[in-house]
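Read the structure below first, then the notes.
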Amino acid sequence: MAMAMHLAQPWTSPSFPRESLRPKSAKERQPVKLQCRPRCDNHETSESETQLLRVSTMSSRRNALVTGLVAAGVAVHPFLGVFQAVAADESTGVPAVDEKQRALQEDEINSYTYTYPLTVGDQGKKLSWVESRKPERYSSAAPLSPDARQRIVSERIDLNNNLVISVSVGPPNSTFLNLNDSTTWEAKAVAQSVLADKSTARMTMGQRVAEVQILNAHKEEVDGAPYWYYEYLVQKSPTILQGGVDVYRHSVAVSAEREGYLYSLNASTLDSRWDMMGPAFTETIKSFHMTPPTQEYVPPYKDPWRFW
């Protein structure tokens, strides 16, 4: 009975006393005065003041961005309104860049640099590059073949002109190269080793080699280290830009060896566009350099299980 009487009593929340819910009188209700800028005292703001505020805000943001970029060693082009990375220290071995025509790509994770064209042709046709794959470690990079030996660690593309520049890393192929002595490696054998592991089709090793036509290959010494350069054609399916049966993709590439892995820079476009892009892409592979490793460098053999 006592329990029933207790439950019948009205319940009052301890967090909200009844007195706190009592409406306040007009005298008690005092408006809160906000501390505003002078321009907030009036409900209407002139158009000139609004434009001045916008310009001031944009200027502050731009100055902060420029300050950060300069501190990071990035040069700002005052006319084009774009930011181009250029070499600030000649002791690093990074080549100087003509910021009007080329840009510098630096990858500290894999320790290499190269330059790529911003414009081509006598009239300076502007290219529309998009960084489709940002630099990443070998263990998390996208594989180029079913066996995942060769992997793309960075890539940029121009869809309007059907251009691709990519860097891949992978171990040398023992079918073509003596793994115990890199001094015996010939340029054509290095090209075959890289291209055989880049094929995305499920085919035998002989079929992979047969689908590629190597036009030329040679070896050069750069800063005392061997670099292997090669040019080749690969037959592809028809595209919107180039129809027909005989559609070839024209490429130039360079490979360098470090710690038992081949680092390869590849630049390609449709064969029908090679007269326009060939000279610029040749300059791109000539600019490729392996740089001294920094604290950000991650060797390909480190943490092979890690995919992020």
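Summary of values
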{"item": "Potential lengthening between Asp147 and Arg258 on full extension [0.36 nm per residue; Cα-Cα distance subtracted]", "result": "37.9 nm"}
{"item": "Between segment 98-129 and segment 265-307, the alpha-carbon center distance in angstrom", "result": "12 Å"}
{"item": "For segment 109-290, alpha-carbon Rg relative to the globular expectation (2.2 N^0.38 Å, N residues)", "result": "1.00"}
{"item": "Cβ crowding within 10 Å averaged over residues, with 290-299, 270-279 ranked highest first", "result": "270-279, 290-299"}
{"item": "Length gained when the stretch Glu211-Ser182 is fully extended (0.36 nm per residue, less Cα-Cα span)", "result": "7.9 nm"}
{"item": "By average C-beta atoms within 10 angstrom, highest first, the peptides 216-224, 105-113", "result": "105-113, 216-224"}
{"item": "Spin-label zone in segment 150-165 - amide nitrogen under 14 Å from a point set 7 Å from the Cα of Lys236 along the C-beta vector", "result": "156-165"}
{"item": "Entries of Lys126/Lys302; Lys125/Lys188; Lys134/Lys198; Lys198/Lys219; Lys125/Lys302 with Cα pairs more than 31 Å apart", "result": "Lys126/Lys302; Lys125/Lys188; Lys125/Lys302"}
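Every number in this text was worked out from the coordinates using simple rules, so none of it is lab data. Here the structure is a predicted model, which means the values were calculated and not measured. Glycine gets a Cβ as well: all are built from the backbone with ideal geometry, and neighbour counts include every protein chain shown.
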